[in-house]
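Report on the structure given below.
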Amino acid sequence: MAKKLTQQQHRQIKENQQKHLASYEQDEDATSELLPARVITNYGKSIIAELTDKQLIRCLPRQNLEQIVCGDNVLIQILENGDAVVAAIQARDSLLKKPGFGGKLKPMAANIDQVVIVMAVRPQPNPYLIDRYLVATENLHADGLILLNKMDLAEDDSILSSLSEEYEKLGYQVLPTSISDAKSIYRLQQHLNHKTSILVGLSGVGKSALINTLLPDQNIRVGEVSAASGEGTHTTTGSILYHLPEGGDIIDSPGVRDFGLWNTSADDVTYGFVELRNLPGHCKFSDCKHDIEPDCAVKDAYAAGEISEQRFKHYKKIIQEYTS
Ligand SMILES: Nc1nc2c(ncn2[C@@H]2O[C@H](COP(=O)(O)OP(=O)(O)OP(=O)(O)O)[C@@H](O)[C@H]2O)c(=O)[nH]1
Ligand SMILES: [Mg+2]
Ligand SMILES: [Zn+2]
C-alpha cells in the first residue's frame, strides 16, 4: 500500500511533517488546534490525510476511535513531540463496507456520493453482481453509474445494449469506456465532477487503469490479466482517494465481490430495487420469499411488468442468500 503513493507524495508528507514540527517549536498554541482534514488512504494503523491547504500529513488515530477509512473527514492535532494524531472522525454521510476475514464486515470508504460499478467486456459482465452492488449503492443513498469497460475488445454492441436495456429504464446510466478511447474517458469525467465517487468491480476490470487515464500524472499501478485464466492479479490492496482536475474526487478500491449485504434486512433489499421501492401493496406474510406464498406484492409487481424477469430472479436470490 505504501508503494501506491507517488514519490512526490512521499516527499510532500515528509516535508509537511517537518514544517508542522517547526511551527510547533515557534508557537506553543499549535498543539491545541484541531485541523480539519480528509483521509486519502490508510495502511496498517497509519493514515494519510489532506489538510485544507492541500498538504498531506501522516498521522495515527487516537486509540478510542473506530476504524478510519478513505474519504473520512477527520480532525487532526499536532502533539508536542510533533506527531500528528487523528483526534476525531466527523459524522459520516455514508460508510461502505466489505466482507473481511471470517465474513466480518470491514469499513472500506466513507462519504461516497456515487458508486461507479465497473464491468468489462471480457470476462463478461455479471448482472447478478451488478444487482448486488446496486442494492448496496441504494442503501448508501449514493448514485449508481454502470461502466462497461474494455469496449475496444467488444466484437459488437450486444453486451452494451443488453446492459443499457436492463438498467437505463431504472435510471442508471450505462457508459461504454475504453482506456484507449479518449472520448469515452472524457464522457466519464463529466459524470465524476464535483462529487466523491468510488470505482467498484471485480479484480482486473480496469478500475486503476481508468483512474490512471483520467489522471495521467499520478502513475497508479495497474495489474495484468493473466492470459491463461482471464482473471486479474490483485494489484490494488487498499482504497485510495484522488482529486480530479475539474473538481470532485475518485476512490480506487481493491476488487471486491460483495459489499456488506450481510445482515441486510429484506426491507433494505426491497429498497435497493428501485422498481420495487414503492410497491402499491404489501406481501401477506412478513417473511414472504415471493415464491409460492399467496397475496405476494412482489409477484403482483412482476405480473404487472414492473420488474424484469432477471431482476425478479435476483431479488429473490438476494433475499434468500443474504437475509435470515
Ligand atoms: N483492452 C483493454 N484493457 C484494459 C482496459 N482497461 C484496463 N485494461 C487492462 O486490464 C488489466 C487490469 O487492469 P487494472 O486497472 O489493474 O484492474 P483493477 O480493476 O484495478 O484490478 P484490481 O486492482 O485487482 O481490483 C490491465 O492489464 C489493464 O491494462 C481497456 O479499456 N481495454
Ligand atoms: Mg486496481
Ligand atoms: Zn412476497
*Selection count where residues are in a strand (DSSP E or B) and exposed (fewer than 14 other Cβ atoms within 10 Å of the Cβ), scope the stretch 81-111*: 1
*Taking the stretch 250-301, which residues are within 16 Å of ligand 1 (Cβ to nearest atom) and not in a loop (DSSP other than H, G, I, E, B)?*
Ile250, Ile251, Asp252
*asked:* Take Ile68 and tell me if it is within 29 Å of Asp258 (Cβ to Cβ) and in a loop (DSSP other than H, G, I, E, B).
replied: yes
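Taking Met108 as the residue in question, decide whether it is modelled with pLDDT of 95 or more and either of a type outside the set (S, T, N, Q) or not assigned by TED's automatic domain parsing to the domain that holds Ala209 (or both).
No: the conditions fail for Met108.
When the residues of the stretch 112-122 are filtered to those that are in a loop (DSSP other than H, G, I, E, B) and among the hydrophobic types (A, V, I, L, M, F, W, C), which remaining residue is nearest to Ser158 (Cα to Cα)?
As a first pass, look at the stretch 112-122 and keep what is in a loop (DSSP other than H, G, I, E, B): 112-113, 121-122.
Restricting the remaining residues to those that are among the hydrophobic types (A, V, I, L, M, F, W, C) gives 112, 121.
Working: Ile112: 31, Val121: 10 Å.
By that ranking, first place goes to Val121.
How many of the residues in the stretch 248-283 are away from ligand 3 (no atom under 16 Å from the Cβ) and either surrounded by 19 or more Cβ atoms within 10 Å (Cβ to Cβ) or not aromatic (Phe, Trp, Tyr) (or both)?
If we filter the stretch 248-283 for residues that are away from ligand 3 (no atom under 16 Å from the Cβ), which is where we start, we get 248-264, 274.
Add one more test, that the residue is either surrounded by 19 or more Cβ atoms within 10 Å (Cβ to Cβ) or not aromatic (Phe, Trp, Tyr) (or both), and what stays is 248-261, 263-264, 274.
Qualifying residue count, the stretch 248-283: 17.
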*Would you confirm whether any residue within the stretch 304-311 is modelled with pLDDT of 95 or more, under 22 Å from Asn126 (Cβ atoms), within 24 Å of the chain's Cα centre (by Cα) and outside any loop (DSSP other than H, G, I, E, B)?*
yes
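Conditions (1) of a type in the set (D, E, K, R); (2) surrounded by 23 or more Cβ atoms within 10 Å (Cβ to Cβ), marked per residue:
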| site | (1), (2) |
| --- | --- |
| Pro127 | no, no |
| Tyr133 | no, yes |
| Glu138 | yes, no |
| Leu145 | no, no |
| Asp152 | yes, no |
| Leu160 | no, no |
| Ile185 | no, no |
| His191 | no, no |
| Thr213 | no, no |
*Of all residues in the stretch 44-62, count the ones that are surrounded by fewer than 17 Cβ atoms within 10 Å (Cβ to Cβ) and touching a helix residue (DSSP H, G or I) at 6+ places or on another chain (Cβ under 6 Å).*
1
_Close pairs from the stretch 303-324: first closer than 15 Å to Ser265 by Cα and free of Cβ contacts under 8 Å to residues at least 60 places away in the same chain, partner acidic (Asp, Glu) and not in a helix (DSSP H, G or I), Cβ under 6 Å, at least 6 apart_ = none
*Identify the single condition in (1) at pLDDT 90 or above; (2) surrounded by 18 or more Cβ atoms within 10 Å (Cβ to Cβ); (3) under 17 Å from the mean Cα position of the chain (by Cα) that His243 does not satisfy, given that it satisfies every other one.*
(2)
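The values are calculated or read from the model by the stated rules, or taken from the named source; none is laboratory data. For clarity, every value in this text was computed on a predicted model and none was experimentally measured. Using ideal geometry, Cβ is built from the backbone for each residue, glycine included, and neighbour counts are taken over all protein chains shown.
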